[in-house]
Amino acid sequence: MSAFLGHIHYWLYHKIGRVAEREQLIFRKAEELCGATAEELQSQVWQIYGQPLPDTELGELIDHSNIHGWLQRQVTISETREAAFIKELVDNCGGSAQTLVLDAFADHGKICGEHAKAQQKYDVQRAGGIYQAINDYLLNGMPCDQGDEVTVNEADKVSWEGNTCLQERNWIKAGVDKAFMKECYQKWFAGFVTALNTEFVYKQTADTLKGDKVNRHEISKKA
């Protein structure tokens with residue numbers, strides 16, 4: 001692996017940071033629900049997985065002798081830490097915590113979608129442009145892990161199949177319910193797409209909440 005940092009390394013680093021951003025949003029909402037318990041749970045999770053990376057230039061943090069390995073480790077840590085915090089919230093703060101987490105994923109999807117729209121670099125009038133934006137904001141393993149099978153129907157629809165094993169192995173490590181985490185990501189996708197263009201909608205075209213290993217997604221114009 002080259003010792004020099006390139007665009008793809010920063011691209012991945014920013015996506016890792018967005019997971020930490022979402023985790024913090026969940027924490028702020030949890031403080032309102034269960035007070036000091038949220039802080040205690042966060043502290044317990046951080047003792048196991050460490051705190052999120054500081055908001056610092058990548059070159060000051062990364063192991064230049066093992067760039068790929070360092071980034072791979074941060075992907076795993078960030079996804080596992082968030083999932084572990086979600087599990088602890090749901091286990092300790094009751095059913096309302098599930099609603100809180102779902103709302104946080106929806107809100108964060110909207111925040112990311114608004115940020116992407118403000119960049120004015122994506123063709124948000126096309127489903128393909130929206131899909132491109134999703135790839136730039138959603139953390140889903142390392143670049144070499146990506147294996148989405150994408151079908152583009154001109155400008156108004158994109159469908160794709162993404163293997164969930166990349167994230168599920170981290171959810172399993174955290175002990176969180178996989179079906180719930182898939183539902184959380186559905187909320188994030190929907191919030192993101194709507195923020196980019198209200199004329200488009202996101203949906204899953206297969207029931208992936210029963211243990212399927214492949215998520216089937218679709219972005220399309222409203223009927």
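The values are calculated or read from the model by the stated rules, or taken from the named source; none is laboratory data. Quantities reported herein were computed from a predicted structural model and do not represent experimental measurements. Reconstructed Cβ throughout: ideal geometry from the backbone, glycine too, with neighbour counts over all protein chains shown. Remember, those area values only see protein heavy atoms, side chains included, never the ligands or the DNA or RNA. Shrake-Rupley method; radii C 1.70, N 1.55, O 1.52, S 1.80 Å.
See the values below:
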quantity: Gaussian network model of the chain, Cα within-10 Å springs - most flexible of Lys178, Lys121, Lys110; calculated: Lys121
quantity: Carbon plus sulfur fraction of accessible area for segment 1-148, probe 1.4 Å, in percent; calculated: 47 percent
quantity: Selected from Asp177, Asp156, Asp55 as most flexible by GNM, with the chain as the system and alpha-carbon contacts under 10 Å; calculated: Asp55
quantity: Per-residue HN-Hα couplings for segment 180-187 [Karplus 6.51, -1.76, 1.60; θ = phi - 60°; Hz; x = Gly/Pro]; calculated: 5, 5, 5, 5, 4, 5, 4, 5
quantity: Stretch gain in nm, segment Ser65-Asp103, where the contour uses 0.36 nm per residue and the Cα spacing is subtracted; calculated: 9.7 nm
quantity: Calculated P(r) of segment 1-102 - Cα pairs past 23 Å, %; calculated: 33 percent
quantity: Residue-by-residue Karplus 3J(HN,Hα) for segment 13-29, coefficients 6.51, -1.76, 1.60, Hz, glycine and proline x; calculated: 4, 5, 5, 4, x, 6, 5, 5, 4, 5, 4, 5, 5, 4, 4, 4, 5
quantity: Gaussian network model of the chain, Cα within-10 Å springs - most flexible of Ile130, Ile111, Ile26; calculated: Ile111
quantity: P(r) of the chain over all Cα-Cα pairs, binned every 5 Å from zero, in whole percent; calculated: 1, 7, 14, 18, 20, 17, 13, 8, 3, 0, 0
quantity: √(5λ) per eigenvalue of the Cα gyration tensor, segment 51-163, largest first, Å; calculated: 27, 23, 15
quantity: Environment charge at Ala20 (Cβ cut-off 11 Å; Lys +1, Arg +1, Asp -1, Glu -1); calculated: -1
quantity: Vicinal HN-Hα couplings computed from phi for segment 110-118 (Karplus, 6.51 cos²θ - 1.76 cosθ + 1.60; Hz; Gly/Pro x); calculated: 5, 4, 5, x, 5, 5, 4, 5, 5
quantity: Net charge of Cβ neighbours under 10 Å - reference Ala38; Lys, Arg +1; Asp, Glu -1; calculated: -3
quantity: Cross-link reach list, lysines versus Lys157, counting only Cα pairs under 16 Å and skipping chain neighbours closer than eight places; calculated: Lys203, Lys221, Lys222
quantity: Residue-normalised accessible area of the chain, given per residue in Å² at a 1.4 Å probe; calculated: 49 Å²
